[in-house]
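Below is one structure, written out as structure tokens; the observations come after it.
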Amino acid sequence: MATPPRVRFAPSPTGYLHIGGARTALFNWLYARRHAGKFILRLEDTDRERSTEESVQAILDGLRWLGLDWDEGPGVGGPVGPYFQTERLDLYRREADALIGGGKAYRCYCTKEELEERRRVFEKQKRPYKYEGTCRNRTDIPPGRTAVVRFRMPEVDETLTYTDEVLGRISKQTSDLDDFVMLRADGIPLYNFGCVVDDHTMDITLVVRGQEHINSTFPQLMLYRALGWTPPAMAHLPLILGPDKEKLSKRRHPEADVMLHRSNGILPEALVNFIVRLGWSHGNDEVISREQMVAWFGFDHVGSTSGVWNPEKLLWLNQHYLKTLPPLDIGARLLPFLAARGVDAARDPRLERIVLALRERSKTLVEMADLARPFFVRVPVDPKAAAKHLDHAGKRALALAREALHAVQPWTTLGIDAALKSVSEAAGLGMGKVAQPVRVATMGIPVSPPIGETLELLGKVESLERIEAALAS
RNA sequence: GUCCCCGUCGUCUAGAGGCCCAGGACGCUGGCCUUUCAAGCCGGUAACACGGGUUCGAAUCCCGUCGGGGACACCA
């Protein structure tokens with residue numbers, strides 16, 4: 001590409017950032033970074049009923065959490081702003097007027113009720129609804145009515161074809177298209193029109209969006225022609241499906257919410273890695289760093305088949321990143337999850353070692369926080385674990401362990417292990433018969449890192465006190 | 001219903017006519033390791049939707065069937 005590409009992500013602020021949008025944003029971002037182009041963020045806030053300021057914030061927060069920074073858009077500005085559609089109304093009005101002047105669009109005075117009526121008739125006859133052109137050649141102005149602006153679809157049928165960067169050649173007959181509404185009476189544009197005017201005036205060179213928009217590219221192509229503009233290249237991404245194989249939607253699929261994953265203890269690195277592999281591949285690579293994605297990304301390896309959301313693989317990736325990112329970094333991210341459990345570990349010097357000990361037995365930060373909590377606060381002993389490991393035999397072993405542990409000096413993993421081993425040998429018990437009662441007594445649950453390490457991290461005084469308490473109960 | 005897109009293991013995918021009686025990953029599963037749970041290591045399971053062509057040769061090209069999804073608003 002001769003000039004640096006300009007791509008955009010254009011969400012409508014009618015809710016949180018969802019997974020499909022996040023992936024669209026990611027692919028746009030990757031493409032821009034790969035080719036040293038610009039990634040533009042534009043808010044399509046033309047649905048007055050559903051657009052909210054909170055949604056705008058939620059989307060920006062989501063993008064930031066994923067590390068997808070934009071070169072132009074809200075907060076950073078840019079040369080072709082404003083970046084909210086409701087702030088560009090004069091632009092749409094101007095182009096609409098020009099189209100009307102050239103006979104390529106016209107004012108339509110039909111009411112919503114009349115249109116609804118016609119739609120019902122079509123439905124009854126099982127025909128696809130198309131606007132019938134009632135106002136196409138109207139010259140009078142009906143009193144007391146407001147006018148929307150409709151596109152005048154040419155009479156002659158024609159095969160419209162364009163080459164999609166992902167799908168290849170795609171065609172449609174213009175006779176399947178109708179005189180769609182471009183502008184509402186109040187001057188607020190509808191999707192097709194606002195999108196075309198903005199993509200053009202923002203110098204977008206490539207439109208990357210979901211396949212659900214594939215049909216709308218045809219009316220848009222007609223708009224480009226009528227306006228005398230060259231359309232940008234198009235890349236339509238395969239859909240992401242829920243476990244039920246239907247398009248991932250906010251209504252039916254809670255996992256569509258990007259930020260839900262954050263609160264579930266998923267790392268953005270894992271989510272991005274997971275999402276990028278939903279539709280794009282690079283040979284047999286599964287774990288792909290941000291740098292590699294940027295270096296490798298291209299639409300030639302974006303597939304054309306929809307992908308199903310696979311939570312197990314996300315968890316696997318998440319654990320991979322838990323295990324490979326710097327433990328101090330993970331520790332910092334674990335803090336809020338601990339705080340939610342009443343633990344302030346911000347200044348605890350054991351944090352890094354605890355992460356190290358727990359990361360291979362945690363799939364999420366939530367699990368890690370749950371496993372970490374007993375290191376910071378005493379938790380009640382789980383009754384089931386107590387019944388199994390703190391019965392008569394268990395307590396006898398525990399009592400022996402207490403004596404041996406008392407003598408351990410210094411309090412290190414090695415020393416603790418040696419002490420417990422001597423107990424198991426002296427009593428003729430398997431190591432498990434000694435370690436499990438100790439583990440349950442100190443941690444409250446039968447799961448923790450190796451016992452020596454667990455006790456060392458817990459500290460000698462605390463360990464012995466907890467053992468004492470368990471013996472007393 | 002109409003139009004558009006798609007169809008390789010349960011899932012994500014590699015595959016751009018011979019390298020494929022189809023490879024990797026997740027999952028599931030057998031084993032090893034082991035003081036718990038994991039992690040790790042070794043092995044296994046499982047797919048080219050179907051039917052016609054084209055070709056010496058097709059998962060790869062063409063046609064049809066079936067199946068799946070998406071779009072059909074003064075939503076985006």
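In the range A:114-131, the count of residues that are within 10 Å of RNA strand B (Cβ to nearest atom), among the hydroxyl-bearing types (Ser, Thr, Tyr), under 41 Å from the mean Cα position of the chain (by Cα) and closer than 30 Å to residue A:239 by Cα is one or more. Among the residues of the range A:1-59, which ones are of a type in the set (Gly, Ala, Ser) and within 11 Å of RNA strand B (Cβ to nearest atom)? Result: A:10, A:12, A:15, A:20, A:21, A:51. When residues in the range A:107-117 are screened for being within 19 Å of residue A:129 (Cβ to Cβ) and touching a residue at least 40 places away in the same chain (Cβ under 8 Å), 1 of them pass. Residues in the range A:281-290: is at least one more than 8 Å from RNA strand B (Cβ to nearest atom), in a helix (DSSP H, G or I) and at pLDDT 95 or above? Checked against the condition, which is being more than 8 Å from RNA strand B (Cβ to nearest atom), in a helix (DSSP H, G or I) and at pLDDT 95 or above, the range A:281-290 yields at least one hit. Going residue by residue through the range A:364-371, is there one that turns out to be of a type in the set (Asp, Glu) and touching a residue at least 40 places away in the same chain (Cβ under 8 Å)? For the range A:364-371, residues of a type in the set (Asp, Glu) and touching a residue at least 40 places away in the same chain (Cβ under 8 Å): present. Against the condition within 10 Å of RNA strand B (Cβ to nearest atom), touching a residue at least 12 places away in the same chain (Cβ under 8 Å), surrounded by fewer than 20 Cβ atoms within 10 Å (Cβ to Cβ) and not hydroxyl-bearing (Ser, Thr, Tyr), how does residue A:352 come out, does it pass? Criteria not met by residue A:352. Screening residue A:178 on (1) loosely packed, with under 15 Cβ neighbours inside 10 Å; (2) assigned to a loop (DSSP other than H, G, I, E, B); (3) within 9 Å of RNA strand B (Cβ to nearest atom) shows it passes everything except condition (1).
The residue that is surrounded by the most Cβ atoms within 10 Å (Cβ to Cβ), among those in the range A:433-453 that are part of a loop (DSSP other than H, G, I, E, B) and more than 8 Å from RNA strand B (Cβ to nearest atom), is A:444.
Residues that are within 16 Å of RNA strand B (Cβ to nearest atom) and assigned to a helix (DSSP H, G or I) do occur in the range A:61-76, at least one of them. When A:165, A:155 are checked against the criterion of being more than 27 Å from the chain's Cα centre (by Cα) and of a type outside the set (Gly, Ala, Ser), a single residue qualifies: A:155. Counting residues in the range A:95-115 that are among the hydroxyl-bearing types (Ser, Thr, Tyr) and part of a helix (DSSP H, G or I) gives zero.
Could you list, in sequence order, the residues of the range A:199-210 that are in contact (Cβ under 8 Å) with a residue 60 or more places away in the chain and either on the phi > 0 side of the Ramachandran plot or not in a loop (DSSP other than H, G, I, E, B) (or both)?
Across the range A:199-210, the qualifying residues are A:199, A:201, A:203, A:206, A:207, A:208, A:209, A:210.
Take residue A:9 and tell me if it is crowded, with 24+ Cβ neighbours inside 10 Å, touching a strand residue (DSSP E or B) at 6+ places or on another chain (Cβ under 8 Å) and farther than 18 Å from residue A:76 by Cβ. Criteria not met by residue A:9.
The values are calculated or read from the model by the stated rules, or taken from the named source; none is laboratory data. Note that the coordinates shown come from a computational prediction; the quantities given were computed from them, not determined experimentally. Virtual Cβ from ideal backbone geometry, glycine too; neighbours counted across all protein chains shown.
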